[in-house]
1. Quick check on segment 304-333: of everything there that is assigned to a loop (DSSP other than H, G, I, E, B) and over 27 Å from Leu268 (Cα atoms), which residue is nearest to the chain's Cα centre (by Cα)?
2. Restricting attention to segment 771-789, which residues are open to solvent by less than 50 Å² (accessible area, probe 1.4 Å) and either outside any loop (DSSP other than H, G, I, E, B) or in contact (Cβ under 8 Å) with a residue 60 or more places away in the chain (or both)?
3. Could you grab me the full set of residues in segment 197-220 that are of a type outside the set (A, V, I, L, M) and open to solvent by less than 10 Å² (accessible area, probe 1.4 Å)?
4. Do the conditions hold for Trp573, that is, is it aromatic (Phe, Trp, Tyr) and touching a strand residue (DSSP E or B) at 6+ places or on another chain (Cβ under 8 Å)?
5. Can you tell me which residues in segment 363-380 are more than 13 Å from Glu488 (Cα to Cα) and either at pLDDT 90 or above or crowded, with 16+ Cβ neighbours inside 10 Å (or both)?
6. Kindly list, by first and then second residue, each pair from a residue in segment 226-245 that is free of Cβ contacts under 8 Å to residues at least 40 places away in the same chain and under 21 Å from Gly678 (Cβ atoms) to a residue that is assigned to a loop (DSSP other than H, G, I, E, B) and aliphatic (A, V, I, L, M), limited to pairs with Cβ atoms under 9 Å and residues at least 6 apart or on different chains.
7. Before we move on, is Glu284 within 28 Å of Leu564 (Cα to Cα), open to solvent by 70 Å² or more (accessible area, probe 1.4 Å), of a type outside the set (A, V, I, L, M, F, W, C) and in a helix (DSSP H, G or I)?
8. Might you check whether a residue that is of a type in the set (Phe, Trp, Tyr) and closer than 30 Å to Gly449 by Cα occurs anywhere in segment 394-415?
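The values are calculated or read from the model by the stated rules, or taken from the named source; none is laboratory data. Every value quoted in this text rests on a predicted model; they were computed, and no experiment measured them. Reconstructed Cβ throughout: ideal geometry from the backbone, glycine too, with neighbour counts over all protein chains shown. For accessibility, only protein heavy atoms count, side chains too; no ligands or nucleic acids. Shrake-Rupley method; radii C 1.70, N 1.55, O 1.52, S 1.80 Å.
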Amino acid sequence: MQSRLFRLAGLACLGLAVASAATDPSAAIGILERRCAACHGEGGMSGLDVSTRQALLAGGKRGAAIEPGKPDASLLIQAVDGKHELKMPMGRDALSPEEVETLRTWVQQGASWPEPGAGNAQWWSFQPPVKATLPDATKNPVDAFVDQTLSDKGLKPLPRADKRTLIRRAYFDLHGLPPSPEAVEAFVHDDSPDAWPKLIDELLASPRYGERWGRHWLDVVRYADTGGFETDIYFPNAWRYRDYVIESFNDDKPYDRFVREQIAGDELWPDDLEARGSYDIPKEKLEHLEARIGTGLYTIGPIYHEAALDGRQLRYEWLTDVVDTTGFAFLGLSVGCARCHDHKFDPLTQRDYHRLMAVFAGSEPHEEPVAHQMNQLGFYSGYPKLLRVAELKAAVRRIDAGARKRLVESIEARFSPEEVAASHKPTDKRSPQEQMLAAPLEAALTEAGLKENATGKEVDLSYTPDEREERDGLIRELGVAALGANFEKATATVLGRAAVDYPVHMTSRGDFRSTGDIVRPGFPKALTGGVEKPATPEDDSEHVILGRRKALAEWLTAPDHPLLARAMVNRIWQGHFGRGLVATPNDFGKQGDPPTHPELLDWLAVDFRENGWTVKRLHRLIMTSQAYQRQSGPDEANAAIDANNRYLWRMNRRRMEAEAMRDSVLAVAGDLNLKMGGRPVIPPLSADEMQGMWSLDQWPVALDEREHGRRSVYLYVKRSFPMPMLTTFDEPDSAQSCARRDVTTVAPQALAMLNSAFMTEQSKKLGDRLRESGDGPDAWIREAWRLALARAPDATETAVAERLFAGRANPADALPELALLVFNLNEFLYVD
C-alpha cells in the first residue's frame, strides 16, 4: 500500500487541487511552468514573466500579476478563471477548475515561492530508501508488493502466459533476439519445476546478454562515435567504451564498481602497463586499465567543433555535458535545469550545478596506451615505414601540382593580363576595380575545382604520358608501403588530469564569459543533509585536482545515498515491463512521475545494495515473479479501473526496438554475424539514403560483407547522420541521454519493412534458406513460421501464404515474398 507521503507527493507533482497540495507551492508553480511559461517566460509577452515570485509581483504592462492574500484582485487569477474579459492561456485549452483553484489557494495563502536548497529537500526521492517489511513473506518480494496493490485497487491479475510466450519474452528481454525453434521446443517440453529459472540463468550467462543490456546503458549515457554538429568529428576510440560497457554487463560487474570506474577510474585505480620481465601484462594492471577505459563516458559527448575558437566556450560546453550526463545517468535527475538559474521545482541551486562543474574542471580527455610497453615502443621502431609512405604521397602530390599548374595556366590564358594580375593579388589588397577584374577568372577556377571554396569537386587533371606512368608506379608502391606500415598506436580515450586547472566561476544565465565568484567543487546540499559537502579538503588553498572525481564516486556509492540504487533498479524494471516503477527514469524530481509502487522500489533498491549490487540477481528476482510471467491480454473489468496497467495486472505488450528488430531479421534470415567488439561497422546505404550525407567520404562502408550482418550495437553511430532504418523505428537522438525510447506508429515504418533495400536483401536470404529446407510451398510455409515465430502456421495463415505461390510457373520465385510476409507480421515485430 502506498504510504501517505508518496500519495501526497504524487498529487502535488500533478498539481491536483487537494488540501495537502494547497500547502505545497510547487503545485501552483508547476501549473505556471506548464501552462503559462511558454508565452510568459523571461522577456515574455506583455512584459510578464511567471518564472519567479518577484517577476509576478512586478507584473507586466497591465500591472502586478498577483496580490498575495487577495486572489480576486490578482490579474493572474482573473485571467485564468474564465469569468473576466481577459482570458488566458490565449489560443489554448483553458485551465481546469482544479488548476484554477490551486492557483487561487496559493495566492490566498501568500503566494510563497520556496527557495531552492536544503529547506526544500523533503521530497521522497531525496530521502534514503527504507526496506519495508514484506506484506507476504511466502511470495517472491515483487509479487508481495504488487499483489497487495492489486488487491487494494480491486484488480485481478491475469494468469501465467503460456511457455512459448514466456521464452520469447525472456529472449527479447535479455538478448534482444528471437529464440531458435529448437530452444523453444526444448523449453516447452521441459516439465521440470526449475525449467524457467534454468532458462533465465542460461540467458544471463550468454554474451548476448551484455550486448542487449549494454545497449540500454549506452542510450542513457548518449553514446556515439562522432561529436555531432556540422563537422561531426570522429571519435577513433569511442568503441572501447562501448565494449567496456558490454563486457561489464556480461561479467555482472557490481554496479557500484561500474559507477566508480566511469566517474573516477583513473583516480581510484591509477596504474601503468610497465613490464616486469615478460610480455604478459599482470591481471591487476589490466583490471585497472579497464577501470580507466570506463571514464571514456566523459569523452564521447557532443562537441561543437567551432567552440574551439574560444577555449573557454569549449571547456564550458564540455563541463555542461558531463554534469548533465552525470545527473541523468547516476542521480536520475535533470540537474541541467540549474545551469542558468536555481531549479524552479527541485532543491537544486545554480551554485550546486557549478560545484559539480568544478568537480570535473581539473580533468580533460587523454589518449592512453592500451598495449604492452614493448608494443608502444615497437610503433616507433616501425616509424620509418610511415616516413616512406609520406615520401611516396609527397611525390604523387608533386606530379599533381604540376598538372594542376598547367590547368590553371590554360584557364588563365583565356583572360586578359589585367584580369590575371588582379586575381593573383591577395583579396584584401585589391581595389574595387581589381575585385571586378578578378571575379570572372576566379569563377572559372572555382567551376574547375581549382579554388579552396571548391573543396570536394572532382578535378580532371591531364598528365603527360611520362607523368602518368610515374604516377601509376608511385600509387602501386604507395599501396604496398601502406600495407606494411602501422599508422596508429593502440590507445583509449580516457579522462585524466588537465594540464591547467581553470577555476569555475558562477555564470549569468549560462554565459561562459561570466566571471562571478569562484566556486569550489562539491555536491548538492539537498543530498548532503543541507550542509555543503566539498569534494576537496577544507584547506584546499591550491585547488587540488586529483581526488575530486574520486570523492564524487565515493559519495554516489555510499550506502545512504538516496538516488543511485533507486535509479538503476528503476531502469532494470523498465527494461522488463516497458515502464519503470517511476515512469520518468531520468527525473526523480517534482516534475517527474511519482512511483506506482514506492515500497517495492525502495525494497528493491536496498536489496540491490545489500546483495553486492549484482544486476543479474535483480533480473532473476524480477523475472521469476508472477508479475513478470502474466499474460498480456485484455480484461474489461481491470481496464475500467487501470486502463494503462500502472499496477501490473497484466504484462505490457511491446514493439521491438529498432536494433532488436534489425537483429531479429538478420537472425531469422540466417545472416546474423555474432562477432563481438571492435571498431564500429559502417554498413552500406541505398543511393537515396546517401543523399543526406554532406560528403560521401564521411561514410566509408565496410568492404567485408560479413561485417554488414553484425549486431546493431556495433554499428557506426554518427550523430549528424543516424542510420535511416533505425531512426524510422525510434532510435534515440544520441546528443543527450535517453531514459526511455519513444514508440511511434508511422507510415514510413511500414514502407521500410516492405520496400527498403535492407528488407529486400534479407527477404531474399530467408527465401534461400527456406528453399533449402524442403520441396514445395507446404514445406516452405511451415519452415517460415517455424523460423520466424517458432510455431506452426494455422489453417488461415497457411491459406493466405499459399496465395503467394498460386499461378507461378516456378513457385520458388515467391519465396522472398513469403519471407517478407512473415517479417511484417505483428507477431514477429511485437513481444507479448
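1. Ranking the candidates gives Tyr304 first.
2. Pro777, Ala779, Trp780, Ile781, Glu783, Ala784, Trp785, Leu787, Ala788, Leu789
3. Tyr209, Gly210, Glu211, Trp213, Gly214, Trp217
4. Taking the combined requirement at face value, the residue does not satisfy it.
5. The answer is Ser363, Glu364, Pro365, His366, His372.
6. Final answer for the pair search is Val245/Val221.
7. yes
8. Yes: one or more hits.
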